[in-house]
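Notes follow once the structure below has been shown.
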Amino acid sequence: EAGVVQSPRYKIIEKKQPVAFWCNPISGHNTLYWYLQNLGQGPELLIRYENEEAVDDSQLPKDRFSAERLKGVDSTLKIQPAELGDSAVYLCASSTHSGGTYEQYFGPGTRLTVT
Amino acid sequence: AQSVTQLGSHVSVSEGALVLLRCNYSSSVPPYLFWYVQYPNQGLQLLLKYTSAATLVKGINGFEAEFKKSETSFHLTKPSAHMSDAAEYFCAVTGGAGGTSYGKLTFGQGTILTVHP
């Protein structure tokens, strides 16, 4: 079974430029998460989708960040415009609640550097 | 709100020694608890999970953790460290008191494990 796929793995952009990250979850996983991981810290949830619906986006900075999950499968996270402080790793994860285990499976992440 | 505290941002052990990574959570209702491992430039991999069944949970790579409600702890152990165990380890919690959704994971700050030959 393929794991969570993310692209690109690395991205370097100048501040004020836009950037987008893509995530393909594990087949059959209806829940998709985007996390932000700053250096030396644990991941922090940005947004959670149940199928196409964003059910928790309270931590998403909506002035510059946006996300979508069309058709309830792939998802895209966008930043426009990027700021220096956005340099971090952006992790995507997916899960299925069947069996009630709630464990999340993570992709390799996209490391963003804003210069 | 849920919170997780990992005591010790860095732990160093010799190869073959006991590994003990500490995790305490804040909740009056037992939540679900997880330990994840992260190798450099990789995503997080699930080591083990506690979901209100057996309090002693065995995971991959010889790791295990014990849920202790009275101490609100979920410490991770491994009897004998191997060089390949060097990585960063994260404790995470979901569910529990306060109506926290079982879909939201709250992570600790992480503990970097170094294994010396």
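Please verify whether segment A:86-93 includes one or more residues that are in contact with an Asp or Glu (Cβ under 8 Å, 6 or more places away or on another chain) and more than 8 Å from chain B (Cβ to nearest Cβ).
No: segment A:86-93 contains no residue that is in contact with an Asp or Glu (Cβ under 8 Å, 6 or more places away or on another chain) and more than 8 Å from chain B (Cβ to nearest Cβ).
Is it true that A:Gln37 is farther than 21 Å from B:Gly95 by Cβ, touching a residue at least 40 places away in the same chain (Cβ under 8 Å) and away from chain B (no Cβ under 11 Å)?
The answer is no for A:Gln37.
Of the residues A:Ile12, A:Ile79, which is modelled with pLDDT of 95 or more, of a type in the set (Val, Ile, Thr) and over 12 Å from the mean Cα position of the chain (by Cα)?
A:Ile12
Can you tell me how many residues in segment A:41-69 are of a type in the set (D, E, K, R), within 14 Å of another protein chain (Cβ to nearest Cβ) and in contact (Cβ under 8 Å) with a residue 24 or more places away in the chain?
Adding up the residues that qualify gives 0.
The conditions are (1) within 14 Å of chain A (Cβ to nearest Cβ); (2) surrounded by fewer than 19 Cβ atoms within 10 Å (Cβ to Cβ), and B:Phe90 fails exactly one of them. Which is it?
(2)
Residues being under 10 Å from the mean Cα position of the chain (by Cα) and either away from chain A (no Cβ under 14 Å) or in a strand (DSSP E or B) (or both): count how many of those fall in segment B:21-49.
The number of residues fulfilling the criteria is 12.
From (1) surrounded by fewer than 17 Cβ atoms within 10 Å (Cβ to Cβ); (2) under 17 Å from B:Asn41 (Cβ atoms), pick out the condition that doesn't hold for A:Ser87.
Of (1) surrounded by fewer than 17 Cβ atoms within 10 Å (Cβ to Cβ); (2) under 17 Å from B:Asn41 (Cβ atoms), only one is false for A:Ser87: (1).
Identify all residues within segment A:62-86 that are acidic (Asp, Glu) and in a loop (DSSP other than H, G, I, E, B); write none if there are none.
Selection gives A:Asp63, A:Asp74, A:Glu83.
From A:Ser75, A:Ser94, which residue is polar (S, T, N, Q) and in contact (Cβ under 8 Å) with a residue 60 or more places away in the chain?
A:Ser94
Can you report the number of residues in segment A:25-55 which are under 13 Å from the mean Cα position of the chain (by Cα) and either among the polar types (S, T, N, Q) or not in a loop (DSSP other than H, G, I, E, B) (or both)?
14
Across segment B:54-85, which residue is nearest to the chain's Cα centre (by Cα) among those that are buried (at least 19 other Cβ atoms within 10 Å of the Cβ) and of a type in the set (A, V, I, L, M)?
B:Leu76
Six or more apart or on different chains, Cβ atoms under 9 Å: show the pairs whose first residue is in segment B:55-67 and on the phi > 0 side of the Ramachandran plot and whose second is at pLDDT 95 or above and surrounded by 15 or more Cβ atoms within 10 Å (Cβ to Cβ).
Going by the 9 Å Cβ cut-off, the qualifying pairs are B:Asn61/B:Val37; B:Asn61/B:Leu47; B:Asn61/B:Lys78; B:Asn61/B:Asp85; B:Gly62/B:Lys78; B:Gly62/B:Asp85.
Of everything in segment B:11-40 that's in contact with a Gly (Cβ under 8 Å, 6 or more places away or on another chain) and either aliphatic (A, V, I, L, M) or closer than 25 Å to A:Ala88 by Cα (or both), which residue is modelled with the lowest pLDDT?
Out of the qualifying residues, it is B:Val29.
For residues in segment A:94-115 being surrounded by fewer than 19 Cβ atoms within 10 Å (Cβ to Cβ) and either among the aromatic types (Phe, Trp, Tyr) or farther than 25 Å from B:Phe34 by Cβ (or both), which is farthest from the other protein chains (Cβ to nearest Cβ)?
A:Thr115
Scan segment A:17-66 residue by residue and report those that are aliphatic (A, V, I, L, M) and within 14 Å of A:Ala88 (Cα to Cα).
A:Val19, A:Ala20, A:Leu36, A:Leu39, A:Leu45, A:Leu46
The values are calculated or read from the model by the stated rules, or taken from the named source; none is laboratory data. None of these values were measured; they are calculated from a predicted model. Glycine gets a Cβ as well: all are built from the backbone with ideal geometry, and neighbour counts include every protein chain shown.
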